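Here the structure is laid out as structure tokens; the discussion comes afterwards.
The values are calculated or read from the model by the stated rules, or taken from the named source; none is laboratory data. In this text, all values refer to a predicted model and were calculated from it rather than measured experimentally. Virtual Cβ from ideal backbone geometry, glycine too; neighbours counted across all protein chains shown. We work out accessible area using only protein heavy atoms, side chains counted, and drop any ligands, DNA or RNA first. Shrake-Rupley method; radii C 1.70, N 1.55, O 1.52, S 1.80 Å.
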Amino acid sequence: MVSKRQREARKRFKAEHPELFLKPEPTPPTDPNKKKKKKTNFKRKKKVDSKAPGDGTGPTKTGHRKRVIRVPGMKPGESCFICKAKDHIAKLCPQKAQWEKNKICLLCRSRGHSLKNCPSKNDETLDKKFCYNCGESGHSLDKCPQPLQDGGTRFASCFICSETGHLSKNCPKNTHGIYPKGGCCKICGGVTHLAKDCPDKNKGKGNNDSAVASKAIRASIDGRPRGQVTKFVSGDDLEDDFIAEDTYGGKKDKSTEPKPGSASNSQESNLKSKKKQGPKANAASGMAVSDECKLKFLELKTKRNYRFIVFKIENQEVVVEKLGSPGDTYEEFTDSLPADECRYAVYDFDFTTDENCQKSKIFFVAWSPDTSKVRSKMVYASSKDRFKRELDGIQLELQATDPSEISLDIVKGRAL
């Protein structure tokens, strides 16, 4: 702030030097007859010179940010889920016709169209509330007032065989049941229910004497020498959950027998028994895979010594039934599949692409004809996934119940 002493010094300086501080001229008086101009908020745009922008001599024109034009029916950041383009929606996609061919109808379960365009669609089939127990419309099965008859599926229609009286999980033509990707109940091996709903779930809980006896037998067997045969008694589809019991056989060597009171000898015998385990089996289906199957498939894949290999299940083990020479045709392969029995097969298919390139693909065929026994169908279906995992190198899979489903045209279409 300016002090009083500074203000007095300023006044003395003005009095001593009046020529430095001139008095301002008085403003002329305003004309009362002159009209006042109204002030407006309008601002005229500045004219841009014709000079080239960017040379630093003239004013630069600032560009306005253009607003993104949105596609009707599409939110910002979205794209067509068929071709992933951002300039149209899936309804107007040029690849929609090709994409529709791979759709599966939820009504007739056939490929090539959706439920909206199904030729079998009518008012009766699209009734949402239909009781499978009494056959009346207006309520569902869980709200039916009548008692259940034939499991509550008397009027149900199966989409696999198109017959009434059962659902798809109980259909004899459905080898997977409620397990579309393979598998079964780990308690009884069935495919019509889960393990938590298995009727045999509580059968083993009440018999404590048999459980104690089985534990005593296992404890007594632990100290004995093991044979080469492996028996799997429990577990599920995971490989680490197998519990192996090896049957003992052959002559005993007294010098190598462990003493009954030695803990270290019992541990060494357990380690030796693990090393002597044979080929693993599927605990759910009880099937093992012979070493010949793996060796022959390896020769087909690497050396191409065979055109096809047919496998069958014999004595709870998958074995090789027939080997096809490299010069055999596809007709000879189809003729080698029996008409009334299930089989597994592997076929090395050679083909030429549209670019005139020679290629080959290995097909895995699960042959399950309609005339075969139901038990055979269930056994082959439950063991298929485990057997496929043993054959490393399979590229495509075919499931057939009729020779027309594994025709040469279908194989070519799958390969291309």
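Here are the numbers for the structure shown:
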| item | result |
| --- | --- |
| Any hit, region 325-338, residues being among the acidic types (D, E), open to solvent by 50 Å² or more (accessible area, probe 1.4 Å) and touching a helix residue (DSSP H, G or I) at 6+ places or on another chain (Cβ under 9 Å) | yes |
| Where a residue in region 294-313 is assigned by the TED database to the domain that holds A366 and its partner, wherever it lies, is of a type in the set (S, T, N, Q), with Cβ under 8 Å and at least six apart | E299/N305; Y306/S325; R307/S325; F308/S336; V310/S336; I313/S383 |
| Residue check for R304: on the phi > 0 side of the Ramachandran plot and in contact with a strand residue (DSSP E or B) (Cβ under 7 Å, 6 or more places away or on another chain) | yes |
| Matching residues, region 340-373, being outside any strand (DSSP E or B) and exposed (fewer than 11 other Cβ atoms within 10 Å of the Cβ) | D340, T353, D354, E355, N356, C357, T371 |
| Test for N270: is it at positive phi, modelled with pLDDT of 50 or more and among the polar types (S, T, N, Q) | no |
| Matching residues, region 374-398, being free of Cβ contacts under 8 Å to residues at least 60 places away in the same chain, within 17 Å of C342 (Cβ to Cβ) and open to solvent by 40 Å² or more (accessible area, probe 1.4 Å) | R375, K388, E397 |
| Filtered residues of region 74-95 (kept if surrounded by 15 or more Cβ atoms within 10 Å (Cβ to Cβ) and either in contact with a Lys or Arg (Cβ under 7 Å, 6 or more places away or on another chain) or outside any loop (DSSP other than H, G, I, E, B) (or both)) | S79, I82, A90 |
| Matching residues, region 137-178, being in contact with a Cys (Cβ under 7 Å, 6 or more places away or on another chain), under 25 Å from V379 (Cα atoms) and in a helix (DSSP H, G or I) | S168 |
| Search result, residues across region 113-135 that are out of contact with any Gly (no Cβ under 9 Å at 6 or more places or on another chain), in a loop (DSSP other than H, G, I, E, B) and surrounded by 13 or more Cβ atoms within 10 Å (Cβ to Cβ) | H113, C118, K121, T125, C134 |
| Odd one out for N305, checked against (1) of a type in the set (S, T, N, Q); (2) out of contact with any helix residue (DSSP H, G or I) (no Cβ under 6 Å at 6 or more places or on another chain); (3) open to solvent by 30 Å² or more (accessible area, probe 1.4 Å) | (2) |
| Failed item in (1) part of a loop (DSSP other than H, G, I, E, B); (2) at pLDDT 85 or above, with E331 passing the rest | (1) |
